[in-house]
Each structure stands twice: as structure tokens, then as C-alpha cells.
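The values are calculated or read from the model by the stated rules, or taken from the named source; none is laboratory data. Because the structure is a prediction, the values reported are computed rather than measured. Note: ideal-geometry Cβ built from the backbone for every residue, glycine included; neighbour counts use all protein chains shown.
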Amino acid sequence: MNSISSYVFRNSNLNILLNWKSTCILLIILILIFTINAGAQKDEQGKTIDSKIQAEIIDSVTQALNENYVYPEVAKEMELYIRKMYKQKKYEKITSLREFTWELTQDLMEISKDKHLGVWFLSDEELSRFEGDTLTDGEKKHQLEKSRQDNFCFKQIKFLEGNIGYIDLQCFSDATDAGPTITAAMNFLAYADALIFDLRNNGGGDPSTGQLISSYLFEEPVHLNSLYFPRSDSIKQLWTQAHVEGPCLSEVDVYILTSDHTFSGAEGFSYYLKNLKRATIIGETTGGGAHWWNPKIFKNLNITLDLPFARAVNPITGTNWEGTGVEPDIKVPADEALEVAHFEALKKLQDKCKDEERKGELDWYIARLNALRNPVTVDASVLQEYVGVYGPRKITLENGFLYYQREDNPKYRAIPMGDDTFIFKELDYFRIQFIRDSSGLVNEIIGLYLDGHQDSHKRDSR
Amino acid sequence: MGKATFSTILSFKSFLMRLTLPVFWGILLVLIGFSPRSTLSQAPGAMPPDRTIDAQTQKEIIDSVTCALNEIYVFPDVAQKMEKHLRKKYQKKEYKEITSLRDFGQKLTENLQEISKDRHLRVMFMSDEMLAGFQGDTLTDEEKKRELEKRQRDNFCFKEIKLLEGNIGYIDFRCFSDAGDAGPTAVAAMNFLAHTDAIIFDLRQNGGGSPSMIQLISSYFFDEPVHLNSFYIRKSDSTHQFWTQSHVQGPRMTDVDIYVLTSSRTFSGAEEFTYNFKNLKRGTIIGETTGGGAHPVDGRIFSNLNVGMSLPFGRAVNPITGTNWEGTGVEPDIKVPADEAFEVAHFEALKKLYDKCKDEERKEELDWHISRLNALRNPVTVDASVLQEYAGVYGPRKITLENGVLYYQREDNPKYRAIPMGNDTFIFEKLDYFRIQFIRDSSGLVNEIVGLYLGGHQDSHKRDR
């Protein structure tokens, strides 16, 4: 297979096309932020073209589509449509090549609905980075260096309360290069009890990264996905590998966060782990692109065509997510997905936990997260009842908020969780509870610690 | 002697506040009462376990403690002074009122530290349940297994690794776990950061731990074995040297700039790490002067008395300075409050990379991040009347002024707050690759907006009439 073939978000920016392998992040974000508005470009309107060149471009693009596009009949439909538009003089007034490619892309998508498909202007400088349809060796090296500098899209790994590992992954790189980084990430998470993969800003990439990550999640080789090549009527299967470096995480619960711009390879990963019942998907329905594409460059015309030529076929469903996206198991807005996943992960761990000590710990975090997500409203007059000095501890009410301070330590805002108990956003291991005397007056404060330890102070007499 | 540890012992006050921070482990962890199994079931308001003692028991405890000190404590003369001090107080009946062993342990710790100023030195009550986890001065095999599981579940104190703008790695860890167990996790962390150009070690909440982890991590940053530190052990009058390892798994990072973030709570082994890197001129220390504890400790248990003590048996000796940071702490190279240290380090790291960068494309990228960070840290104040000049519609882009703050929105995308960086240019906190600049016509009226992207791409729109 052509070494540049990829599986990423459809490029809508030309600079980015050249960098697709390394700057998936930028690519995705740029796509989100600005759709290129023809004629709005300050620089580079592209070459000036006339209708004869337009006809040449249409000939070249439609021929390539007819020869390679993943659905031959759709390729024909697209050709008919584009030619009709040309005849109807839809493109007549367009003299900017950049604008023309944009219009062409819109019209191709009108028929195919294929978000991987697109035609793009390439400047001479950009063309010089290609040799045929692939990047030059020098450019490949440069791209690899940029990918490294971007840590192959591995942005962050952290541990959430309750020993839940979180990975922010913003593209899928080629595991040939990214392997050691992926291995490091998985080994860093070796003792996590659950994993959350954040793919909300992930526009896809090479399947080999998903394959390597998945290999850590199954005890034995599993058939993840297949690619179907209609032109050769052949299938390429993608399996997990039998050997991984470091411990296997086959017992660990997996959650995947999605958004409506989770796309392509990132959807593939979500789709197969969902169908293998190995992961819970939380967030939004994904973008819906399941095609494998290659760039086809027409040097004399200063254009490149993103040409989808194969499609995913899931071994369980027999189909894919093209056009429909992957449906989450728990549908929530993307910016709430992490909190929900953390909560779900804690609950699931608690349900299957046999160890009493660990259960208590999980319980603590669940109650805490619950209180942070759904704060209890307490009347200011009730809050006033807590205000006072309790030995080294001081409770104050400022602008309707209760604050806790112990001696010279920082002052923390107390968040009510009901039952005279308060938590602190910054302190995950600590909460306070007030005790009332028989007449209902608050006369004591107890510090409650995650490990079960407690310390209390009587209220100073007023 | 059991496995030596080199870890935080805080004052009792802050100890209570930080009880659950994972800096105490192994023998110390249990010594100081970190035993969730025993306490989870307690009802609110229930008193922690204790033991009632009389003057005779007090004397026995003082005898045992001072005997151990005289035998082991790093400075024999200080041990003698401490003994005198305690005996004098006992004779003057200063402990007479104390009947709680828990309180007595706290009082003894205070009195011992009055003389020694040694925050690694402590005497503590141990309940029968805690004692059951020990065999002599070491944990039982079963308890060791439980402790290991707990440390694994805490990822051996490694909390977060991430990539900051400009390819700068950041790692937050809260203790130095024994490399025999935590090795694979530390290796994974180092390999995850293998392609970074600078690394920021956040030790602001790190109370120390095992020298073996200091060794393992440090080994990634030197070409060949380097002498990091020595422990002088008083009882045997011997020295134990610690060198970096000649082999590491995965690539070394010998050219990577190092920054270490410190706070006044950075203690013990975390201070050694800081002190080593500072004196080897391999890292820049940013933050607050550290806590000042340079003595490795061992646990000693008097089970019949329900007493445990953490006993400093030696001191660090740095091969370059010939001394250590006991009592003084490690002075940062750049002194800033702990909660500003992260930003400062990121900024310094970017500047240093920029200065030595030869590649033009990369230099521009670093410049972008530097000016951005600068604007975020030192926002330019722009008069509301000037801000008003920008408000308007520019094709798909809309600029609004709400409550004195400028907002940017493109079509149906989210609305972002624009932060002025001067020269009609604005950045956005959440978008690190994007900024906007307004263009004025010859009469000074704002008539165009340009979107500037990291990487050099631009797109602009004329203002709608």
C-alpha cells in the first residue's frame, strides 16, 4: 500500500495537507475553527484559471474517481453531476483555483456525502515537497521530526481520583514511528483500574496505533477491523498483536470520549472496541468517515485529490460508520463527557469491588464527584449557623460562600454535600462535617479524611 | 537494618492535613498511622485509638528512645544533648499531666526537634493493630504485599505527564518510590517524554522517598555515570555512594533542558534530587526554598511500649559541595511563589530553547508561544473606548464588547474572550495556535480583521459596512 495512504480528517486547508501526518491536531482544530471561505483569503488565491483549465481539472478528477473511488457507481454519479454543473456554467465566474477546488469539493460531497473526499489547490512550493503522489524523503524526515515534537499526538496522561487513567490522544500516528511512545503510555498506565481515552479532538490517522493500543486490552489476538478494497475485491484484516511490551491491561475497564469531530481512524477505534464490548463510548455521535484515502496529485494543474479507495468492514457488524458516525453508549455533550466517564468508571469499579477498604475509597470519590456535579443548595441562613471558630479551625461566610481555614493554611471554599457535610474542590482526601447539640446548635467540627482518619474540634464559646 | 527511607516527616499539624498524601510509604507509612483498614469503619466523632500511660511507662519510653538515639542517630553529640533534654523535662515533671500515649509521642517529637531541628526524627504511638503488621522493625510479608498494591494503585506517586506548548514535557510526581517496584512506571514516564526538548519536574508536592528512584530518573539525563550523592552512615562510620546507572531502557535525554519546581513542602529525597541537579549544573530550580531535611531514616519499633520512631541514621553528603541542605533547604535559582513556578518555568524553558534554536521554522514557533505566554501573564490594559473601535461584523466573524471584555466569534463556533497583547492584536486563552489582529485604514479606523495561525497561515475579512 502506498506509504502516504491515510485515514484522517478530510483536509480543508492546504498548508495542512502537507503536514497531515504530523499536525493532525492542528488540522482538526483548524477545521473546527474556520472553514475556508472562498475569496476570503488574504494570501494565495491560487492560480488564475479559465474554463478550459476547469474542464481539464474536471476531466482529471472524474477519471481518477472512476478508476479508484470506493463506490464505482457513486463515482459515476459524481461525474455526471459535476459535468452538469459545468455545463450549467456554475463555475463560469470563478477565476481563482483555490475557490474552484472548494466549489468542486462541495459538489462532490453533495453527491457522495464522503467527508474524506476533496480537491485542493497546491502551490508550486507545496508541490515541490512531493515526488509523484508521495512526500519526498527530505519532507518525510521533516514531518517525522514534527510528529516527534508533537509527541505523536499523545498530549497528556494523568491519574484521576480512584486510580483511573486518562489519556488525551489527538491523532493516530504510524506505530512504526510512534511505537515506543505508545508503549510508554500503556506501561505508565499499567496499574490503572480503568482507562479513559479522550478522542474528542482526534481526527484519526493510521490504524497501527489503535491496533497497538488495543493489543494491550485483549488477552488473545482479536479481529478488530477489515479494510475492503472494491477495485481488487480484496480484504485486509486488522488484528491485535499477540505480544506487547509490558503488562497486558485486559482486565481494565475502558471508556472512550467522543465528540462530533471525532473522525475516521478515531471512529474506527471507538467502533471496534464498542462492538467487541470492550469499551463504553461516552459523548457525542462521531463525524462519520470510514474510508481509507490516498492523495492523487496533478502536478501540472496544481491540485491534489483526496481519493477514498477502500472502506472499513467491521467483522461483527459487517458494516461501518460511514455517514452515520459511532453512537455513544452514553450520549452527553462533549464537554461533559469526561466527568460522566469518571463517574461511570468509579461506579463500575465499586460494583465489582470485593475489597472493603477499596470500596470505601471508591465510595468516597463517588460521593465527592456527585457533590461537585450536583451541588446541594444551602440557605445562607443555614450557612451562617456554621460560622465560627473551632480551635485551630475557622469557618467564615463571605459573599454567600462558606470558607474553611486551618491556622495559617490556605483558605478553601466549602461546597455543601448535604447532611452538614462539605467538600473542597482542591482537596480530594478531605471533607468536614458539623455536629449539632441536642438543641440543634452547631457545636463541633470534624475533619474526615479519605483513609478513615478523623479529627474534631469543639466550637470556641462565644 | 531495614530498608532505608528518605522521606517527609512533617510537623504534626500539617501532617494531619496531609495524611493521605502518598509521600509516606513502607515502614514510615505504617508507623505514622496510615492504615485505612483500621479506621474506615469508624463512626463520625469516634476517637482515634490511643493508650493510657503513667510516669513509669513514660520513663521506659524515654529510656528506649534515647538508647536508640545514642546508638544510631546521625550526630552522637546531638543524641546526648537530646537525652539530657528529655531527662531534664521528665525530672521537672513536665510530662506529668500527659496520660495519652499519642500526646506523649507528639510531645517527645517536639522536644527532640527543639534540640536537633531534625524534622526526620519522630516518636509515634502505634496501635496493636498497626503493630500486627510488623515483624521486628520490618513489615510482615502480607503487609508488604498490601503496601505494594496500594502504591501500585497510586501509580507509585506519578500523577501526570503532559506536553506543554513548545514541546516541553511536564511530569508531576509526589514521592520517589522504590525503583525495584516502580521501575517500569518510571521508565514508561521517561520514554513517554523521550522526544521533548525540555522537561519540567514538578516536585512542589513531593516529600521524598527512595534514593533508588532518584538514581533511575537521573540516569536518563547524563551520558555517563555521574556521582549524585553519598550517605554517610554514622553507626558503621561508612559511606554509601549513589551514581547514575550506565544503562537505561529507551533513549537518554542528555541534551534536554531540565527544570525543577520546588515549594517549601519539597522535602528530603525530593530535595536531594533538586540539590543534585542544581550542583551538577544540569537543571534550573524554580520556586521556593525547600523544607530542609537531608537525613535518611529507618524505622525502629518498641512493640511492648506501642511506640515507633523514625530514626535518622545518616546524612547526605554531596560530592561537589561536600555538605547538604539539612536545616537550610535548597535555594532555587529563580525564587518565585510555588503557585507561580509552573508558568515561570514554562516561560524560561521556551526562552532558553529559542536562544539556542538554529532552525527558523522552529524559532518562529517558539516565538509564538513566548509572546503568547507573555501576554497571558502580563495582560495589556486597553481602554474600553479603544475596545469599542474593534466591535463589529467582519464577514463570518463577529467582535462584541460585553462588560468591558472583547469577544470573538466565527459563525456558529464558540465565542472566545479576546485578550489584548498590544498592537491591535489579541490572543485566546483556549486556542494556542490562533490570534487576531485588526487593521486600520489611513484615517485610523479599524476596517479589517486578520486571523493569524501558528505556522504562518493567515485569513482576513473586511469589516461589513
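Computed values, structure above
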item	result
Residue match in segment A:101-113 (condition: of a type in the set (F, W, Y), touching a strand residue (DSSP E or B) at 6+ places or on another chain (Cβ under 8 Å) and in contact (Cβ under 8 Å) with a residue 12 or more places away in the chain)	no
Members of segment A:104-125 that are surrounded by 18 or more Cβ atoms within 10 Å (Cβ to Cβ) and among the charged types (D, E, K, R)	A:D107, A:D114, A:K115
Strands (runs of 3 or more DSSP E) fully within segment A:174-242 counting 1 or more residues that are among the small types (G, A, S) and away from every other protein chain (no Cβ under 14 Å)	A:223-229, A:234-239
When residues of segment B:69-105 are limited to those that are assigned to a loop (DSSP other than H, G, I, E, B) and touching a residue at least 24 places away in the same chain (Cβ under 8 Å), the one nearest to B:I233 (Cα to Cα)	B:V74
Strands (runs of 3 or more DSSP E) contained entirely in segment B:393-449, each with at least 1 residues that are under 25 Å from B:L163 (Cα atoms) and either touching a Gly at 6+ places or on another chain (Cβ under 9 Å) or more than 10 Å from chain A (Cβ to nearest Cβ) (or both)	B:415-417, B:419-422, B:425-427, B:434-440
Filter pass, A:A371 being modelled with pLDDT under 95 and buried (at least 18 other Cβ atoms within 10 Å of the Cβ)	yes
Some residue of segment B:267-275 being of a type in the set (A, V, I, L, M, F, W, C) and over 16 Å from B:G209 (Cβ atoms)	no
Top-ranked residue in segment A:422-444 [being in contact with a Leu (Cβ under 8 Å, 6 or more places away or on another chain) and surrounded by 17 or more Cβ atoms within 10 Å (Cβ to Cβ); ranked as farthest from A:G162 (Cα to Cα)]	A:Q433
Filter result for B:E149 (surrounded by fewer than 23 Cβ atoms within 10 Å (Cβ to Cβ), out of contact with any strand residue (DSSP E or B) (no Cβ under 8 Å at 6 or more places or on another chain), acidic (D, E) and in the same structural domain as B:N306 (by TED's automatic domain parsing))	yes
From the options A:V244, A:V222, residue that is surrounded by fewer than 24 Cβ atoms within 10 Å (Cβ to Cβ), of a type outside the set (F, W, Y), more than 28 Å from B:K159 (Cβ to Cβ) and assigned by TED's automatic domain parsing to the domain that holds A:E336	A:V222
Filtered residue count, segment A:54-77, keeping only those that are closer than 15 Å to A:F309 by Cα and part of a helix (DSSP H, G or I)	13
Strands (runs of 3 or more DSSP E) (entirely within segment A:391-462) containing at least 1 residues that are away from every other protein chain (no Cβ under 13 Å) and under 16 Å from A:Y365 (Cα atoms)	A:411-418, A:421-423
Residue in segment B:112-126 that is farther than 30 Å from A:K158 by Cβ, charged (D, E, K, R) and touching a His at 6+ places or on another chain (Cβ under 8 Å) present	yes
Matching residues in segment B:266-306 - criterion: being among the basic types (K, R) and more than 13 Å from B:G329 (Cα to Cα)	B:K281, B:R282, B:R300
Residue selected from segment B:51-67 under the condition assigned to a helix (DSSP H, G or I) and charged (D, E, K, R), by the criterion surrounded by the fewest Cβ atoms within 10 Å (Cβ to Cβ)	B:K59
Among (1) assigned to a helix (DSSP H, G or I); (2) under 28 Å from B:D464 (Cβ atoms) - the single one B:E365 does not satisfy	(2)
Complete set of residues in segment B:170-194 that are in contact (Cβ under 8 Å) with a residue 60 or more places away in the chain and more than 15 Å from the chain's Cα centre (by Cα)	B:D178, B:V187, B:M190, B:N191, B:L193
Count - residues of segment A:334-372 that are under 18 Å from the mean Cα position of the chain (by Cα) and within 12 Å of chain B (Cβ to nearest Cβ)	2
Matching option when the condition is in a strand (DSSP E or B), surrounded by 24 or more Cβ atoms within 10 Å (Cβ to Cβ) and at pLDDT 95 or above, among B:A316, B:A349	B:A316
Yes/no for B:D154 being within 14 Å of chain A (Cβ to nearest Cβ), among the acidic types (D, E) and touching a residue at least 60 places away in the same chain (Cβ under 8 Å)	yes
